[in-house]
1. Counting residues that are more than 12 Å from chain A (Cβ to nearest Cβ), surrounded by fewer than 21 Cβ atoms within 10 Å (Cβ to Cβ) and over 23 Å from the mean Cα position of the chain (by Cα), which helices (runs of 4 or more DSSP H) fully inside the range B:144-255 reach at least 1?
2. Among residues belonging to the range A:25-54 that are within 21 Å of residue A:73 (Cβ to Cβ) and more than 17 Å from the chain's Cα centre (by Cα), point out the one that is surrounded by the most Cβ atoms within 10 Å (Cβ to Cβ).
3. How many residues, within the range B:30-71, are in contact (Cβ under 8 Å) with a residue 24 or more places away in the chain, part of a helix (DSSP H, G or I) and within 25 Å of residue A:148 (Cα to Cα)?
4. Quick one: would you say residue B:226 is out of contact with any strand residue (DSSP E or B) (no Cβ under 8 Å at 6 or more places or on another chain) and either under 27 Å from residue B:340 (Cβ atoms) or at pLDDT 90 or above (or both)?
5. Which pairs do you get when a residue that is over 12 Å from residue B:215 (Cβ atoms) and within 12 Å of another protein chain (Cβ to nearest Cβ), found in the range A:98-112, comes within reach of a residue that is modelled with pLDDT of 90 or more and not in a helix (DSSP H, G or I), reach meaning Cβ atoms under 7 angstrom, with the pair 6+ apart or on two chains?
6. In this structure, is residue B:329 part of a helix (DSSP H, G or I) and more than 20 Å from the chain's Cα centre (by Cα)?
7. Could you go through the range B:100-123 and let me know if any residue there is more than 23 Å from residue B:154 (Cα to Cα) and either assigned to a loop (DSSP other than H, G, I, E, B) or within 11 Å of another protein chain (Cβ to nearest Cβ) (or both).
8. Name the residues in the range B:44-70 that are more than 23 Å from the chain's Cα centre (by Cα), more than 16 Å from residue B:503 (Cα to Cα) and surrounded by fewer than 19 Cβ atoms within 10 Å (Cβ to Cβ), would you?
């Protein structure tokens with residue numbers, strides 16, 4: 001019973017804070033609210049006996065991604081309040097679509113005999129995860145490292161300016177960013 | 001899932017069947033390292049390494065044929081005829097892209113940075129596409145799609161000082177992450193329904209009737225959305241024209257054939273393996289195609305047929321209005337996806353053969369058309385149709401080669417495109433989808449109009465008369481692509497045999 005209570009608690013935390021993320025017009029508030037969403041998901045993982053996943057969720061998403069998001073918001077000049085109105089013309093179709101999608105998923109989730117697993121014991125999973133990363137799943141594990149490498153190179157290519165500004169030639173005075181080529 | 005964990009590490013000997021892919025990864029890493037030592041305006045080291053690596057991978061892939069069905073790397077990857085075909089195609093596409101990037105101002109221009117990394121990324125993308133074509137498990141399906149997407153985002157935004165390129169990259173990222181999220185949701189539903197992650201096991205679970213049909217339909221439509229985004233089928237195409245227009249043209253050329261072909265490979269393997277029960281037509285083996293029987297009551301062929309018709313019609317009609325050649329070719333590539341989907345829904349070996357043959361032909365002719373755009377962009381600095389006015393007098397041979405590509409894209413004899421379309425339409429008619437064949441034929445007629453708009457500008461619109469000389473490398477590769485486009489239109493038997501063997505060795509159909 002206390003398990004049920006915890007589940008509904010985490011679920012409510014996740015869903016309600018997710019609503020706030022979407023509907024808040026203040027991007028800093030939305031970012032902070034995301035913290036609770038991610039934490040709620042971590043709680044759900046923990047309840048599914050995925051302790052390592054839950055810890056990773058907290059460390060990577062809350063500790064890393066979320067802090068980055070907030071830093072980005074602070075260091076760029078995005079207007080704190082949402083720019084422009086959120087007109088009904090866009091809100092209504094989006095809302096209808098979202099509701100239809102929800103109805104569809106609700107029908108799927110409630111009307112389906114899922115391939116359920118017996119409840120597993122809440123033993124630590126870390127050792128078994130580590131073992132399978134280096135045996136059965138060694139290929140995807142290494143594959144992910146390639147994805148991360150590609151992402152790092154990508155970030156360097158898209159962001160880093162290797163060339164000194166004086167190298168810009170005749171148009172040195174012109175702003176180096178946002179130039180449109182061949183226009 | 002972990003209770004049944006058996007500690008069986010994939011053995012090193014598995015890599016013997018994974019040589020082309022291994023070569024591509026090593027190429028990627030070496031090219032990256034070589035870039036550290038690259039000096040001068042052009043990074044010759046990474047270029048030579050990437051090109052050489054792709055060619056070695058190509059040679060390894062060809063020599064590994066016929067690739068017998070074999071599950072490797074913990075049953076997550078399968079090497080069979082289909083994978084064998086695509087791992088010949090992708091290093092080839094990679095090599096051609098690398099070749100014509102070398103002389104392209106958009107990639108190698110004086111204002112560009114990170115030129116070495118570009119070649120490394122092409123090799124990595126080729127690797128990702130090869131894995132897409134041989135993924136046999138939901139995990140590898142998702143990871144390989146992500147790897148190809150990530151490298152694509154970076155390449156689309158490669159001209160980071162260009163607003164258009166940055167916008168293209170951003171649009172690609174946003175659409176890409178949404179569709180991969182939708183796909184991931186579909187995959188999770190599928191796992192929930194069947195409790196399995198391997199395609200073959202999923203089919204076994206579905207055949208055992210362990211899945212609710214409605215939920216299965218929703219899950220599969222979600223997966224289709226993710227893969228449909230990769231091949232840019234309507235209604236998942238919104239990113240396509242903007243990305244194609246904004247990305248550097250060599251990258252656009254790569255996008256228009258590489259990820260599309262990889263998406264088709266993955267779609268074929270995933271849907272045919274999970275949803276077709278084998279043995280339906282195996283009893284009547286021999287001349288009869290090994291048709292499968294679809295699991296579940298959903299009328300998938302009709303659904304895909306509608307998708308196909310909408311895709312080709314939309315692509316062709318919107319292409320009519322374009323004046324920018326890159327945009328025009330983007331819409332035309334959407335239309336070609338529609339034609340290819342016709343073969344996909346036949347669920348027959350002949351349909352698959354037609355798809356693979358058309359993909360091969362399409363890769364050659366579309367790369368050719370884009371190379372023409374690149375080569376002229378280097379000289380004229382633009383890619384509007386009006387820029388090509390009077391080209392037949394300025395560079396008659398180049399105009400002629402473009403004419404060959406355009407005729408082939410339309411599907412007129414005596415070009416490879418005609419043969420490709422012939423096989424596609426023949427199978428559609430054989431299977432009594434007459435209305436689909438009629439719509440396809442009408443669409444081909446429509447496409448003639450906009451392809452000929454380019455031809456008209458080149459041949460009949462008066463323009464400058466000064467002779468135009470292209471980069472020698474560009475001319476050489478253009479000839480390299482135009483020759484097979486013509487030759488395959490006259491003598492295509494070896495290639496047809498090559499494709500037939502690939503389909504015969506496809507584990508999903510052959511059982």
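1. Those helices (runs of 4 or more DSSP H) span B:199-207.
2. Filtering first and then ranking leaves A:26.
3. The number of residues fulfilling the criteria is 14.
4. Yes; evaluated as a whole, the condition is true for this residue.
5. Pairs found: none.
6. no
7. There is no residue in the range B:100-123 that is more than 23 Å from residue B:154 (Cα to Cα) and either assigned to a loop (DSSP other than H, G, I, E, B) or within 11 Å of another protein chain (Cβ to nearest Cβ) (or both).
8. Of everything in the range B:44-70, those that are more than 23 Å from the chain's Cα centre (by Cα), more than 16 Å from residue B:503 (Cα to Cα) and surrounded by fewer than 19 Cβ atoms within 10 Å (Cβ to Cβ) turn out to be B:44, B:48.
The values are calculated or read from the model by the stated rules, or taken from the named source; none is laboratory data. Not measured: the values here are computed from a predicted model. Quick reminder, even Gly has a Cβ in these numbers, built from the backbone with ideal geometry, and neighbours come from all protein chains shown.
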